[in-house]
Amino acid sequence: ISLHDNHGNNCFAENSILHKFCQNLLNKTPQILPHLINNDEDYQRFNKELNLNLFKIGKYTAPVNLSYGFDNRSCAIRIAKTHENKKRVEYRIAGANSNCYNAIAAILNNSKNFIQNELIANDKRLIFGNAFDNQYNYLIPITI
């Protein structure tokens, strides 16, 4: 996800907008999740123990908690920098077999008013390191 203003400027360059967007998206995940996961078996990829074992052997894994971090693939939201050193957001929860149109519509619909939301100061979901650490326990809501 990239966000630009009418002049083509990257809005995520301003950290307060970036953090508000990520926090809002994490807060809206329970409403968005049914549009990102097609069947019950897809929820198995959020198993913390399975993903931790994959992570230990250097494999990229599915996110297991509602967190965000800079260039961190263990988080639900990865803030990446483009080759032009501009920030973009990767929302890493959707299953590979999800309907991309439904997923994008759900994300956009639930993100449209994020600027009006309060910024959560010192949000513990901003992770510097490994999202599998026990101190980060914002588990993805799994309802089958």
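The values are calculated or read from the model by the stated rules, or taken from the named source; none is laboratory data. What you see is a predicted model; the values in this text were computed from it and never measured. Every residue, glycine as well, gets a Cβ built from its backbone with ideal geometry; the counts of neighbours run over all protein chains shown. Side chains included, ligands, DNA and RNA excluded: accessible areas come from the protein's heavy atoms. Shrake-Rupley method; radii C 1.70, N 1.55, O 1.52, S 1.80 Å.
Please verify whether region 115-132 includes one or more residues that are open to solvent by less than 60 Å² (accessible area, probe 1.4 Å) and assigned to a helix (DSSP H, G or I). Checked against the condition, which is being open to solvent by less than 60 Å² (accessible area, probe 1.4 Å) and assigned to a helix (DSSP H, G or I), region 115-132 yields no hits at all. Listed by first and then second residue, the pairs linking a residue in region 105-125 that is within 14 Å of Lys28 (Cβ to Cβ) to a residue that is exposed (fewer than 13 other Cβ atoms within 10 Å of the Cβ), with Cβ atoms under 8 Å apart and 6 or more places separating them unless they lie on different chains, are Ala106/Gln31; Asn110/Gln31. Given the condition over 23 Å from Asn130 (Cβ atoms) and in contact with a Phe, Trp or Tyr (Cβ under 7 Å, 6 or more places away or on another chain), answer yes or no: does some residue in region 53-63 qualify? Scanning region 53-63, I find no residue that is over 23 Å from Asn130 (Cβ atoms) and in contact with a Phe, Trp or Tyr (Cβ under 7 Å, 6 or more places away or on another chain), so the answer is no.
Within region 29-40, identify whether any single residue is touching a strand residue (DSSP E or B) at 6+ places or on another chain (Cβ under 8 Å) and surrounded by 14 or more Cβ atoms within 10 Å (Cβ to Cβ), and answer yes or no. No, region 29-40 has no match at all.
Can you work out which of the residues in region 43-59 that are in contact (Cβ under 8 Å) with a residue 24 or more places away in the chain and not polar (S, T, N, Q) is least open to solvent (accessible area, probe 1.4 Å)? Taking the candidates together, the pick is Phe46. Where residues in region 63-114 are part of a strand (DSSP E or B) and among the aliphatic types (A, V, I, L, M), which of them is surrounded by the fewest Cβ atoms within 10 Å (Cβ to Cβ)? Filtering region 63-114 for residues that are part of a strand (DSSP E or B) and among the aliphatic types (A, V, I, L, M), the one surrounded by the fewest Cβ atoms within 10 Å (Cβ to Cβ) comes out as Ala80.
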